[in-house]
There are 2 protein chains.
Amino acid sequence: MAKMVKKNYLLAPGPTPVPTDLLLEGARETIHHRTPQFKKIMEEAIEGTKYVFQTTNDLFLLASSGTGAMEMAVVNLVSPGEKVIVVVGGKFGERWQQLCETYGAEVVPIKLEYGDYATPEMIDEKLKEHPDAVAVFTTLSETSTGTVMDIEGFAKVVKAHGKLIVVDAISGLIAQPLKTDEWKLDVVVAGSQKGFMLPPGLGFITFSEDAWKKAEKNSVPSFYFNAFAYKKNPAPYTPAVNLIYQLKKAVEMLKEEGIENVWERHRILADAIREGVKALGLEFFSKRPGNVLTAVKVPESVDGQKLVSLMRDEFGVTIAGGQGSMKGKIFRIAHLGYMSKFDTIVAISALEMALRKLGYKLEYGTGLKAVEEVFEREDV
Amino acid sequence: MAKMVKKNYLLAPGPTPVPTDLLLEGARETIHHRTPQFKKIMEEAIEGTKYVFQTTNDLFLLASSGTGAMEMAVVNLVSPGEKVIVVVGGKFGERWQQLCETYGAEVVPIKLEYGDYATPEMIDEKLKEHPDAVAVFTTLSETSTGTVMDIEGFAKVVKAHGKLIVVDAISGLIAQPLKTDEWKLDVVVAGSQKGFMLPPGLGFITFSEDAWKKAEKNSVPSFYFNAFAYKKNPAPYTPAVNLIYQLKKAVEMLKEEGIENVWERHRILADAIREGVKALGLEFFSKRPGNVLTAVKVPESVDGQKLVSLMRDEFGVTIAGGQGSMKGKIFRIAHLGYMSKFDTIVAISALEMALRKLGYKLEYGTGLKAVEEVFEREDV
């Protein structure tokens, strides 16, 4: 076997590939965070991020992972003993539930089978059953199953009931349309290592006026994630200076492309991956897959964990396996962030070669042909 | 006036200058955090960081600022209603107090005048008065005043009483000797943007066996900062991948230099700055200054805030002003992190020129001469 240079392709739902220009932006000289020079950079980064969230609400940058931003939502909005409705359709819905329970909320879950989705009607019904619920917590893209929820539909129902809607958009934002203000979303959280094309380490959170009103009456103690500290001073503790340089440039890139075009690009890439997967005779795991990632059932003849490690360790192509009870049963290919046509070609080619190596019968090129046909049809 | 290139010199107590090699290390390709490849990098980074802390205790890396690590100490160690003793000698002692009070502890402060320090005898006395206290919270280097505490002395007393000692070593670690295991420190917290020579965004925390025992009985709810989540899996939430690349390299650099040599380098640089400041006829603010930074009283004839902005905006030399009630009354020059002889020369030269511009009478070179004499005496 000839020795071959191995290049890395990151096709997991976060961290996602970081463009070289953004990596280098993070290598710029660290400056002091309490200078007018840095304040200006931070303000511009926040303004650009608001565009990405489609909001004029308050938006804060946290030195934390996305989970930190989720915790900030919970500790500021829910007091012990209060009832909340949580859509639980996978690992990240479960994380909302754990967080809410950790801080003493009474959780009414809308428990879905993994891969399934909730409907606005289900939310409406639950809110009617529980008129004392104060908020609905949900997930734009449930990363563990590849399922996208109808947040716009949920929000209509939730706001008609006069309740708060809190959205984990960590993996969904940027890949999937989300309009914070138009849809009247009270709190939206995200993280840097997904659609933003950045390394991990920054969390994002928005607060609507209704969210602030609720937060004012909140009784859970908090400090690092206390929203009022950030309202008073957007950098109450040392911010992640270099990641904020990178964020400023990333949101400039997204604005230049135009957020609607970014969403459309992700839709086309998702279509391409899914046509490729289907052509190989594989089945989707999610009943409502979105633009972020595609979760695929591992064929019975194939070892799912081996598939992921073979692609990663031999081909340099990192996809994600299943988490928790889905381990070995599904694999997940992301089409998220700094992605273009040929990334999907690489993904499906690596999949074809890995599946064949593991004994799955397929004709080379079958999936790739389907991918190319999507691009021709979409004229991209 | 001829136009002059302006280079930047970061002489504030964090963020500190990041060596180019470390900046570029952060620009390496982001890889997935759940791969064996990244796990190895993270393990090595943690091992190296333990060397810097001089510990074999559990040590965790957090995607947070240092304040996040402080919060982690409080929420895991103190239950509501429990009594804690807090050394409060400046803004960061106050932060311990605020954090402990936020989470329901009864705080017995050892309240010091700004710039003053506590003695082991004062800790002993307080512990005798309050035998029901469970822990002592203190600060290695109180950044707001430039005061270094006798942590070794404190620890002897605290451990003799069988209590926990929790140390904020955020700005002090690496500049100032600290031996976690030898001194029996239960919890030590730090942050990346100080002696580690890294951009901000990583917090560090260590837990001794006694700390774990206490944490097991703790009743404050926590999630993002729950220590047991990290004990089970050092990366329970997406870690700050690129900062961890940088950390791995930074601790290699520190190990190569040798931690005792690093401490000694900081001591010499601190001496040099202080001799320079004294030679200019200025007074120190702190009664027990250390190796981290030197806080200096602004002479009466000079506008302290102007001094800081002139040095920063015209000379490119960033020092820190006073915080809170000390605003305009003191300035602070750090000698922390990636610093060598000529950084102190630049600091004192900029200070001479800025003071003269603002009307303070001095002869050029007076401070610089004193600095050079220190280096000659120390033979470096």
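Right, B:LYS278: away from chain A (no Cβ under 14 Å), out of contact with any strand residue (DSSP E or B) (no Cβ under 7 Å at 6 or more places or on another chain), within 26 Å of A:VAL220 (Cα to Cα) and not hydroxyl-bearing (Ser, Thr, Tyr) or not?
Considered against the rule, which asks whether it is away from chain A (no Cβ under 14 Å), out of contact with any strand residue (DSSP E or B) (no Cβ under 7 Å at 6 or more places or on another chain), within 26 Å of A:VAL220 (Cα to Cα) and not hydroxyl-bearing (Ser, Thr, Tyr), B:LYS278 comes out as no.
Which of the numbered conditions does A:TRP263 fail, given that it passes all the others? Conditions: (1) of a type in the set (Phe, Trp, Tyr); (2) out of contact with any helix residue (DSSP H, G or I) (no Cβ under 6 Å at 6 or more places or on another chain); (3) within 14 Å of another protein chain (Cβ to nearest Cβ).
All conditions are met except number (3).
Considering only residues that are within 15 Å of A:ASN233 (Cβ to Cβ), in a helix (DSSP H, G or I) and out of contact with any strand residue (DSSP E or B) (no Cβ under 9 Å at 6 or more places or on another chain), which ones fall in region A:20-45?
Listed by number, the residues that qualify are A:PRO36, A:PHE38, A:LYS39, A:GLU43.
Looking at A:GLY48 and the list (1) part of a loop (DSSP other than H, G, I, E, B); (2) surrounded by 17 or more Cβ atoms within 10 Å (Cβ to Cβ); (3) of a type outside the set (A, V, I, L, M, F, W, C), which single condition is not satisfied?
Result: A:GLY48 fails condition (1) only.
Could you identify the single residue in A:LEU351, A:LEU368, A:LEU355, A:LEU336 that is closer than 26 Å to A:ASN261 by Cβ and crowded, with 23+ Cβ neighbours inside 10 Å?
A:LEU336
Looking only at residues in region A:21-35 that are of a type outside the set (A, V, I, L, M, F, W, C) and at the interface with chain B (Cβ under 8 Å from one of its Cβ atoms), which one is nearest to A:ALA250 (Cα to Cα)?
A:GLY26
A:PRO17 is checked against (1) more than 8 Å from chain B (Cβ to nearest Cβ); (2) not in a helix (DSSP H, G or I) and fails just one. What number does that condition carry?
The failed condition is (1).
Any idea how many residues of region A:347-380 are in a loop (DSSP other than H, G, I, E, B) and among the hydrophobic types (A, V, I, L, M, F, W, C)?
Looking only at that region, the number is 3.
Residues of region B:341-380 being within 28 Å of B:SER192 (Cα to Cα) and touching a helix residue (DSSP H, G or I) at 6+ places or on another chain (Cβ under 8 Å), which ones?
Scanning region B:341-380 gives B:LYS341, B:ASP343, B:THR344, B:ILE345, B:ALA347, B:ILE348, B:ALA350, B:LEU351, B:VAL380.
Any residue in region B:307-317 that is in the same structural domain as B:LEU269 (by the TED database), in a strand (DSSP E or B) and either out of contact with any Phe, Trp or Tyr (no Cβ under 9 Å at 6 or more places or on another chain) or under 30 Å from B:ASN261 (Cα atoms) (or both)?
So far as region B:307-317 goes, yes, one or more of its residues are in the same structural domain as B:LEU269 (by the TED database), in a strand (DSSP E or B) and either out of contact with any Phe, Trp or Tyr (no Cβ under 9 Å at 6 or more places or on another chain) or under 30 Å from B:ASN261 (Cα atoms) (or both).
So, in region A:97-107, exactly how many residues are crowded, with 18+ Cβ neighbours inside 10 Å and either among the hydroxyl-bearing types (Ser, Thr, Tyr) or more than 11 Å from chain B (Cβ to nearest Cβ) (or both)?
Final tally of qualifying residues: 3.
Any idea which residue in region B:291-305 is nearest to B:LYS91 (Cα to Cα), counting only those that are more than 14 Å from chain A (Cβ to nearest Cβ) and surrounded by fewer than 24 Cβ atoms within 10 Å (Cβ to Cβ)?
So, considering only residues that are more than 14 Å from chain A (Cβ to nearest Cβ) and surrounded by fewer than 24 Cβ atoms within 10 Å (Cβ to Cβ), the one nearest to B:LYS91 (Cα to Cα) is B:LYS297.
Could you give me the residue pairs with C-beta distances under 8 Å whose first residue belongs to region A:68-84 and is not assigned by the TED database to the domain that holds A:TRP212, whose second residue is surrounded by fewer than 24 Cβ atoms within 10 Å (Cβ to Cβ) wherever it lies, and which are 6+ apart or on separate chains?
none
The values are calculated or read from the model by the stated rules, or taken from the named source; none is laboratory data. This structure is a prediction, so every number in the text was calculated from the model and none was measured. Cβ: placed from backbone, ideal geometry, glycine included. Neighbour counts: every protein chain shown.
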